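First comes the structure, then the notes that go with it.
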Amino acid sequence: EQVSLGIAVDVEKKDGSRALMVPTIKGAEALDFKAFHTYYEDLIRRTRENSLTADDFQGTTITLTNPGGIGTVASVPRLMSGQGTIIATGSIAYPVEWAHATADRLKALGISRVMTMTSTYDHRVIQGAESGNFLKTIDELLQGEHEFYETVARELGVDASVVTSAHPESASAPPLATGGGAVPAAAASTVSQPVDEELLQGVQAATSLLKAYRTHGHLAANLNPLAGHGKGDPALEPENLNLTPELMGRIPASILRIGVAGETLLDVLPRMRDAYCGEIAYQIEHLSSHQQRMWLREMIETRAHRRPLEDDEKRQLLRRLIEVYQFERFVQKAYLGQKMFSIEGLDTTVPMIDEIAALAKRDGAEEVVIGMAHRGRLSVLAHNLGRSLESIMAEFEGSKALDAVKRTDALRAGGTGDVKYHHGAEGLLETGQGDIKMRLYPNPSHLEFVDPVVTGAARAAQTGHAGPRLHHDPKLAVPVLLHGDAAFPGQGVVAETLNLQSLRGYTTGGTVHIITDNQVGFTTDPHEGRSTPYASDMAKGFNVPIIHVNADDAENSIAAIRLAMDYRKEWGRDVVIDLIGYRRYGHNETDEPAYTQPEMSAAIKKHPPVSEIYAKALVEEGTVNEAEVEEKAAVRREEFGSIHKELKGKIERGEFEDPTVVGTGTGELDRTKSPDVETKVSEKRLRTLNEELLRLPDSFTMHKKLRKPLLKRLEILDDGPIEYGHAESLAYASLLTEGTHIRLTGQDVERGTFSHRHLVLHDEKTGLKYVPLQNLSGALAPFEIHNSPLSETACLGFEYGYSAASNESLVVWEAQFGDFANSAQVIIDSFIASAESKWGQTTRLTLLLPHGYEGSGPEHSSARIERFLQLAAEGNMRLANPTTAGQYFHLLRRQARIAKARPLVVFTPKGLLRLGDAASKLDDLSSGKFEFVLDDSKAAERAADITRLVLCSGKVYYDLENHDRRDAATNVAIARVELIYPFAKSQIRELIASYPNLTELVWLQEEPKNMGCWSVMFRRMPELVPEGVEFRYIGRPERASPSEGYTAAHRSEQERIVLTALTS
């Protein structure tokens, strides 16, 4: 249920007696601070004015009372029936032992006022730990954590600096004496002493120096395995600030507000260099949150994340690096010349993912969701996902002799498969905290487009759908994205994905980004591929901290992960790790890098692998010996050789079968017909749902312009017109009461681009939101709706990932106009249309793309039906163009309930949304189903007279049917094809057969001839056309642009098309 916060109000009656009133702020969890404040003030005013209604007292789940207002220190009230918790706040006062101290004394000692807060809770529904955590969270918020005060300021429209620059009063300098008053003795003695200007200047220079280390220390860090320390910055040199060793020795470290140990600046400076200029470095000073900057400084300067590893941890880390190196070398030698996109030069990626998994499990996660491009993917599959080495090797064997390898492609049923370094996988990884599920999402060669897919999948894994309320717990799954150094700044989808991190409908509690920075993009040098010093610099624009680390430093690579995971746990935001290494070979193993990077290639050939570097360091410190190191490598080589030999024997005997997969990888998709599904809803249920959708809280004031059209829905349900928006809300409501979770997102979806939906209502007086679909009494599943940012690629990718991970949910994405989907073409092509064939990954993601020619110009007319038809094959998706509200109702319900999950693209109307002829009646929803083809109801009675059958799809039907020449065209029947794909062959054949005297069959469309459905109809219809019947096209000629730019030209062309169909 929603949180209804009762506010205990002491009211004085006219006779002087007092009464306690407890009105309720309903839906408090959904309010921002401004809306809460507005609601609160209005509620208190109405309480004082005695103008409350009964509704204002109903549904209270938690109550706030304030006995401290009359001086009570603590209070433990008694629960009333139906209450879960009462929070009581005591007086705000100094502790009793300091109650009589002077103000100067209190300030000097930093004594603050204290408030006691108690939680009286019903132990049947709330546990003690839950109550304690609740009070702990309140304390954290009051202390300024989680950006509480910044959020309040932002929501009130107040400059955030008002709170970010605030500090305790005790930290302020004493006021200067004014007038002729006496100067305090302490101050007088200070002023009378001579000022050591050199020391004061030294302190000022010291603060500048320390700030430079925090801001620019990374420029002097040893981050590049091939080049050593960076060139640094003049601000990092003490002599440039006139700081001599003698002067630095006089500056106490205690006044510098730093976390490193030491008595003086001279002591702490080497430790600051180690903290900020070593093999790990940071960019954090760009963060807008003061609290986050302070937290990160403390972590970095106290080395909290860089605690020395235990000997066992070091041995485990070395073993992992040896495993990775030996795997890469073995596969390269065994399958010489085949592409594997080696991880060498960034080997530490594997143990870094291990560490993420271990820390995620420690913090309560059940799953780590990973997205990455091809480089290093096989090592991640083998080591982090636990995919069998035999199955990986079999894919290399399969490229030699497909017929000899059974089931080497990870597909559920048929499909054409994909290259080995694009596949996803699931597995369990053993950690010291227990096993955790690891999920690597499949990806296409479009490097970064898997990013939003992974974050969407993680959001789904974090979300519980049981019951009518959504339960989102970000700690349950940790999204991890591995980026290329050229792709991170180069691909716009990265920026779009970063922008989602803090949005309510998209946040995942923080994604860990690792840039696998090999300092070259295919053959392009960094200075040719970006305008910034680092590959990670773009992240600064999204308030994301950046950790740079040298990939040859294995222990600091682990330290980077520890800091990143602690930051995510503390602040719930994204973090970027720039892992700077190199690429030992070319872009792939068949490529020669020396053609374009000869100097780098020469340096890499001489450079030892990180496993060798780390082994040498551990040998020198005595943790391991050389014999142990060689033994680990030899054992791994022998294991690989044995697996390889056994696999080749199995293949030769035809016995190999990968237990992790079930498809052949060489066949077609499953195209069998899905069982019929019932989509009708009883009249009784529809009436009940209709009433609930229009039932608002008594205190809620609907906007005056909405009252008539929305409340009219109560009167018109039986006989109509039930318009599209009305039918859609009833479809969603019915599904929610049947247990289907619905997630609806997109551009302006709450209201609808064409102001037809209004699923989220705003109180005309307070601005408060109310969502009727989230308050249905019979709902068995939650409904969520979110306006998206104005981007398509990341938003659609996110919804694809969500739907793939939550296959039983109805996930719907709507574009503002249909052609906006152009900006998400990679997601459509490489995921939605082909994922089942490539990876066996299905989804019931639904796209709503407004489509129709109404004179709005080339960019707002066409949703590009032809492009989706070009992608449609093997039953991989469904395309529909429903022309009545009832058809739309049944289509949505069919998509949610049908057994076979497939993507659905709906070419939704614009002008039909309020057209009376396109509206439906109650019995259209309580009976029937989604019809693939709609016949001409008026022509059925004169079927023998029909000589011309016009087939069309979409809004153009009404242009034909409502034209003033229509009645005269008695020989013409007009039918609609509602299901565009799969091709409704049997239904169209049956339709044609119902008109025995046809001489002409026409396909008519608004779109140009090279667009729309004609390309499919041209190929598919001839086999259905009876002998002696002419089949021809009517519509716009072939055009480069979808439609006319001038309204008059549009009308003229539309008139020509209609008249040709009715009269020619």
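Which one is farthest from Y325 (Cα to Cα), of the residues in segment 635-651 that are among the charged types (D, E, K, R) and over 40 Å from the mean Cα position of the chain (by Cα)?
If we filter segment 635-651 for residues that are among the charged types (D, E, K, R), which is where we start, we get 636-639, 645-646, 648, 650.
Subset that is over 40 Å from the mean Cα position of the chain (by Cα): 637-639, 645-646, 648, 650.
Numbers: R637: 10, E638: 14, E639: 14, K645: 20, E646: 22, K648: 23, K650: 26 Å.
Taking the candidates together, the pick is K650.
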Tally of residues being in contact (Cβ under 8 Å) with a residue 40 or more places away in the chain and either closer than 17 Å to L1024 by Cα or assigned to a strand (DSSP E or B) (or both) across segment 961-973: 1
Odd one out for D55 among (1) buried (at least 17 other Cβ atoms within 10 Å of the Cβ); (2) part of a helix (DSSP H, G or I): (1)
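Can you give me the number of residues within segment 554-608 that are in a helix (DSSP H, G or I), of a type outside the set (A, V, I, L, M, F, W, C) and under 26 Å from H513 (Cα atoms)? Show your work before the answer.
Just the residues of segment 554-608 that are in a helix (DSSP H, G or I), to begin with: 554-571, 593-595, 598-606.
With the extra rule that they be of a type outside the set (A, V, I, L, M, F, W, C), the set shrinks to 555-557, 562, 566-570, 593, 595, 598-599, 601, 605-606.
Now narrow it down to the ones that are under 26 Å from H513 (Cα atoms): 555-557, 562, 566-570.
Final tally of qualifying residues: 9.
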Any hit, segment 609-617, residues being among the basic types (K, R), touching a helix residue (DSSP H, G or I) at 6+ places or on another chain (Cβ under 6 Å) and modelled with pLDDT of 95 or more: no
Pick from segment 609-627, criterion in a loop (DSSP other than H, G, I, E, B) and touching a residue at least 40 places away in the same chain (Cβ under 8 Å), ranking: farthest from E279 (Cα to Cα): V624
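Before we move on, is T302 out of contact with any Lys or Arg (no Cβ under 8 Å at 6 or more places or on another chain) and not aromatic (F, W, Y)? Explain how you work it out, then say what you get.
Working: out of contact with any Lys or Arg (no Cβ under 8 Å at 6 or more places or on another chain): yes; not aromatic (F, W, Y): yes.
So T302 passes the test.
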Among the residues listed as E638, E592, the single one being closer than 21 Å to P526 by Cβ, free of Cβ contacts under 8 Å to residues at least 12 places away in the same chain and either out of contact with any Phe, Trp or Tyr (no Cβ under 6 Å at 6 or more places or on another chain) or among the hydroxyl-bearing types (S, T, Y) (or both): E592
Within segment 390-424, considering residues that are in a helix (DSSP H, G or I) and surrounded by fewer than 20 Cβ atoms within 10 Å (Cβ to Cβ), the one modelled with the highest pLDDT: E390
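Return the residues of segment 65-93 that are among the hydroxyl-bearing types (S, T, Y) and either in contact with a Leu (Cβ under 6 Å, 6 or more places away or on another chain) or in a loop (DSSP other than H, G, I, E, B) (or both); say none if nothing qualifies.
If we filter segment 65-93 for residues that are among the hydroxyl-bearing types (S, T, Y), which is where we start, we get 65, 72, 75, 81, 85, 89, 91.
Passing the criteria: T72, S75, S81.
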Residue selected from segment 1040-1064 under the condition in a loop (DSSP other than H, G, I, E, B) and not acidic (D, E), by the criterion surrounded by the fewest Cβ atoms within 10 Å (Cβ to Cβ): A1040
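Residue-wise test of (1) outside the structural domain of N224 (by TED's automatic domain parsing); (2) modelled with pLDDT under 95.
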residue	(1), (2)
L266	no, no
L269	no, no
I284	yes, no
W295	yes, no
L336	yes, yes
T348	yes, no
A357	yes, no
E366	yes, no
Test: residue in segment 690-701 that is buried (at least 20 other Cβ atoms within 10 Å of the Cβ), hydroxyl-bearing (S, T, Y) and at pLDDT below 95: yes
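Right, D32: in contact with a Lys or Arg (Cβ under 7 Å, 6 or more places away or on another chain) and touching a residue at least 12 places away in the same chain (Cβ under 8 Å) or not?
Working: in contact with a Lys or Arg (Cβ under 7 Å, 6 or more places away or on another chain): no; touching a residue at least 12 places away in the same chain (Cβ under 8 Å): yes.
So D32 fails the test.
Quick check on G262: is it of a type in the set (G, A, S), within 30 Å of T516 (Cβ to Cβ) and not in a helix (DSSP H, G or I)?
Judged against the criteria, G262 is not a match.
Would you mind finding the one in G911, G857 that is of a type in the set (G, A, S), surrounded by fewer than 20 Cβ atoms within 10 Å (Cβ to Cβ) and either within 18 Å of N962 (Cβ to Cβ) or outside the structural domain of Q841 (by TED's automatic domain parsing) (or both)? If you could, list the steps in order and put the result at the bottom.
Working: G857 fails: either within 18 Å of N962 (Cβ to Cβ) or outside the structural domain of Q841 (by TED's automatic domain parsing) (or both).
G911 is the lone residue from the list that is of a type in the set (G, A, S), surrounded by fewer than 20 Cβ atoms within 10 Å (Cβ to Cβ) and either within 18 Å of N962 (Cβ to Cβ) or outside the structural domain of Q841 (by TED's automatic domain parsing) (or both).
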Spans of helices (runs of 4 or more DSSP H) in segment 143-227 with at least 1 residues modelled with pLDDT of 65 or more: 148-156, 161-164, 197-216
Spans of helices (runs of 4 or more DSSP H) in segment 425-508 with at least 2 residues surrounded by fewer than 21 Cβ atoms within 10 Å (Cβ to Cβ) and not hydrophobic (A, V, I, L, M, F, W, C): 492-499
Test set (1) surrounded by 19 or more Cβ atoms within 10 Å (Cβ to Cβ); (2) charged (D, E, K, R); (3) in contact with a Gly (Cβ under 9 Å, 6 or more places away or on another chain) - R214 fails condition number: (3)
Filtered residues of segment 228-259 (kept if in contact with a strand residue (DSSP E or B) (Cβ under 9 Å, 6 or more places away or on another chain) and in a loop (DSSP other than H, G, I, E, B)): G230, I251
Total residues in segment 1049-1064, condition farther than 27 Å from T999 by Cβ, more than 43 Å from the chain's Cα centre (by Cα) and touching a residue at least 24 places away in the same chain (Cβ under 8 Å): 0
Test: residue in segment 985-1004 that is surrounded by fewer than 20 Cβ atoms within 10 Å (Cβ to Cβ) and under 30 Å from H860 (Cβ atoms): no
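So, in segment 127-142, of the ones that are among the polar types (S, T, N, Q) and at pLDDT below 85, which residue ends up surrounded by the most Cβ atoms within 10 Å (Cβ to Cβ)? Please lay out each step first, then the result.
So the first thing to find is which residues in segment 127-142 are among the polar types (S, T, N, Q), and the list is 127, 131, 133, 137.
Add one more test, that the residue is at pLDDT below 85, and what stays is 127, 131, 133.
Numbers: Q127: 11, S131: 17, N133: 11.
So, considering only residues that are among the polar types (S, T, N, Q) and at pLDDT below 85, the one surrounded by the most Cβ atoms within 10 Å (Cβ to Cβ) is S131.
Among the residues of segment 919-926, is there at least one that is among the hydroxyl-bearing types (S, T, Y), surrounded by fewer than 18 Cβ atoms within 10 Å (Cβ to Cβ) and part of a helix (DSSP H, G or I)?
From segment 919-926, those among the hydroxyl-bearing types (S, T, Y) are 920, 926; that's our starting set.
Of the ones still in play, those that are also surrounded by fewer than 18 Cβ atoms within 10 Å (Cβ to Cβ) are 926.
When the remaining residues are screened for being part of a helix (DSSP H, G or I), the result is 926.
Yes: segment 919-926 contains one or more residues that are among the hydroxyl-bearing types (S, T, Y), surrounded by fewer than 18 Cβ atoms within 10 Å (Cβ to Cβ) and part of a helix (DSSP H, G or I).
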From the options N588, N556, residue that is surrounded by 19 or more Cβ atoms within 10 Å (Cβ to Cβ) and among the polar types (S, T, N, Q): N556
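If you take the residues in segment 1010-1039 that are of a type in the set (V, I, T) and under 23 Å from P982 (Cβ atoms), which one is surrounded by the most Cβ atoms within 10 Å (Cβ to Cβ)?
V1016
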Within segment 778-882, helices (runs of 4 or more DSSP H) holding 1 or more residues that are modelled with pLDDT of 95 or more and either within 18 Å of V906 (Cα to Cα) or among the hydroxyl-bearing types (S, T, Y) (or both): 793-805, 865-871
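Please determine, by comparing only the residues of segment 764-777 that are in a loop (DSSP other than H, G, I, E, B) and buried (at least 20 other Cβ atoms within 10 Å of the Cβ), which one is modelled with the highest pLDDT.
Start the filter on segment 764-777 by keeping residues that are in a loop (DSSP other than H, G, I, E, B), which leaves 764-768, 771, 775-777.
Now restrict to residues that are buried (at least 20 other Cβ atoms within 10 Å of the Cβ): 768, 776.
Working: L768: 90, L776: 95.
Here the residue is L776.
The values are calculated or read from the model by the stated rules, or taken from the named source; none is laboratory data. Just so it is clear, the structure is predicted and the values come from calculations on it, not from any experiment. Neighbour counts are summed over all protein chains in view; Cβ atoms, including those assigned to glycine, are modelled from backbone coordinates with ideal geometry.
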